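The block underneath contains the structure these notes are about, expressed in structure tokens.
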Amino acid sequence: MRDSARHPSHTRRDALKTGLAVILASHVAPAFVRGEEEAAAAEAILGEGDHRYRCIHDWGMANLPAKHGYGNASHGVTIDRDGLVYVSHQGGPDSIFVFDPDGKFVRSLAPIDKGSGHGIDLRHENGEDFLYLSPADPKKTFHKMNLKGELVWEKGKQDFIVESDKYTEKSPYRPTNTSFTPDGGFHLGDGYGNHCIVQYDKDGKYLRTIGGKGKADGQFETPHGQWLDDRDGVPKLAVCDRANARLQWFDMEGNHLRTQDGFLFPADIDIRGDIMVVPDLHCRVTLLDKDNNVITHLGGQGDFEAWKTKALAGFKMRSQRDQWLPGRFIHPHDACFDSDGNIFVAEWVVSGRVTKLERII
């Protein structure tokens with residue numbers, strides 16, 4: 001995901017409209033069918049009050065080079081200090097595509113043998129940006145690399161077995177996302193594996209393992225994403241306890257503080273100022289204020305329940321582009337703010353999709 005102080009100003013909109021017919025398979029570039037109806041396609045406006053956004057689906061997709069594609073899904077999105085947008089995915093070549101602020105393709109990085117297109121998080125450290133990649137693949141390592149794609153270090157399941165008493169040879173291991181602590185340390189969520197959060201200090205030394213599988217406070221059913229929440233001046237770890245349909249908060253020593261229900265299938269978190277964004281895999285993106293009250297559900301307008309029921313029916317719609325509608329989400333998997341308050345959303349859909357929610361001022 002992201003580092004909140006790293007984005008330069010950029011406001012120009014990508015010209016790509018919704019209403020596109022796309023045929024995309026893994027490792028194959030998108031083929032767009034263009035016509036007069038595309039040029040006339042309406043832009044959906046989402047949100048309310050001071051939180052209104054112009055919805056630009058398939059941002060940057062038309063600019064992918066030949067033989068570049070998101071494959072079975074786009075998974076993560078983050079932005080560096082120069083405003084470049086990094087999208088992790090399950091296609092190729094490589095597992096990350098990089099775009100400039102206007103959606104122009106810049107490069108790809110992270111070979112498939114290292115990346116696998118799941119969690120991507122970025123931090124500025126000592127004058128340089130670094131990516132932390134969480135593969136959601138038991139055969140691959142959780143690792144840190146620079147923006148050139150050069151490996152800094154990596155950790156695999158054997159490291160977890162040595163470090164934590166909650167891991168054995170039989171323990172599942174499929175890390176999903178990373179978040180960062182104020183002192184330079186980090187948390188790794190083993191969301192698809194051991195249902196826990198593993199905490200490290202600034203030197204990469206193991207500190208503790210938080211949680212474990214269950215429904216009680218302090219336990220998780222798929223802690224898929226997390227982020228540092230210091231909006232009230234006190235740093236806390238906010239966790240998307242996805243399959244339990246809730247968020248949980250912990251102090252920096254791993255002690256449970258509070259639980260908040262009211263979500264559907266929360267996947268990840270980003271924060272800008274007092275606003276928290278929570279992409280929900282079940283068809284919407286939620287904004288929360290400083291007191292964690294819901295501001296709005298982006299994509300939750302109109303007959304949302306009917307849309308959600310249709311989209312979740314066997315998860316078939318994720319591969320049925322002809323069923324997708326402007327202003328509606330299928331499966332938001334990650335989201336992050338840029339410096340202007342725009343939101344980029346990556347979805348778990350076949351062919352992949354990144355939507356830019358352009359803030360209306």
Solvent-accessible surface (1.4 angstrom probe) belonging to I120, in square angstrom, nearest 10: 0 Å²
Euclidean distance of C-alpha centroids, region 117-147 and region 221-253, integer Å: 20 Å
Sparse-neighbourhood loop sites, GluC sites (Glu not before Pro) in region 126-227 - DSSP loop, at most 11 other Cβ within 10 angstrom: E150, E169
Carbon/sulfur fraction of accessible area - the chain, other protein chains in place, 1.4 Å, %: 49 percent
Radius of gyration and maximum dimension Dmax of the chain, Cα, Å: 19.0, 61
Heavy-atom surface of region 213-303, accessible at 1.4 Å and reported per residue (Å²): 35 Å²
Inter-label distance, nm, simple model (7 Å from Cα along the C-beta direction), H124/I112: 3.5 nm
DSSP-loop chymotrypsin sites (Phe, Trp or Tyr not before Pro) across region 271-358, with at most 14 other Cβ within 10 angstrom: F315
Stretch in the chain that is longest and holds no trypsin sites (Lys or Arg not before Pro) that DSSP places in a loop and that have at most 13 other beta carbons within 10 Å: 216-289
Computed FRET value (nearest 0.05) for R52 with E169, which takes r as the C-beta separation and R₀ as 45 Å: 0.30
Heavy atoms of S339: accessible area, 1.4 Å probe, square angstrom to 10: 40 Å²
The chain - mean residue ellipticity at 222 nm from DSSP helices (-39,500 (n - 2.57) per run, n ≥ 4, rounded to 500): -1500 deg cm²/dmol
Whether region 137-209 is rounded, prolate or oblate, judged on the alpha carbon gyration tensor where a/c under 1.5 counts as rounded: oblate
Rg and Dmax [Cα atoms of region 111-168; Å; Rg one decimal, Dmax integer]: 12.3, 38
Set of aspartates and glutamates near K308 by C-alpha distance (under 13 Å), chain-local residues within fewer than 8 positions excluded: D280
The chain, relative contact order in percent, only Cα pairs under 8 angstrom and at least six apart counted: 17 percent
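The values are calculated or read from the model by the stated rules, or taken from the named source; none is laboratory data. This one's a predicted model, so the numbers in the text were calculated from it and none came from an experiment. Every residue, glycine among them, receives a Cβ derived from its backbone with ideal geometry; neighbour counts consider all protein chains shown. To get the accessible areas, we keep the full protein, side chains included, count just its heavy atoms, and leave off ligands, DNA and RNA. Shrake-Rupley method; radii C 1.70, N 1.55, O 1.52, S 1.80 Å.
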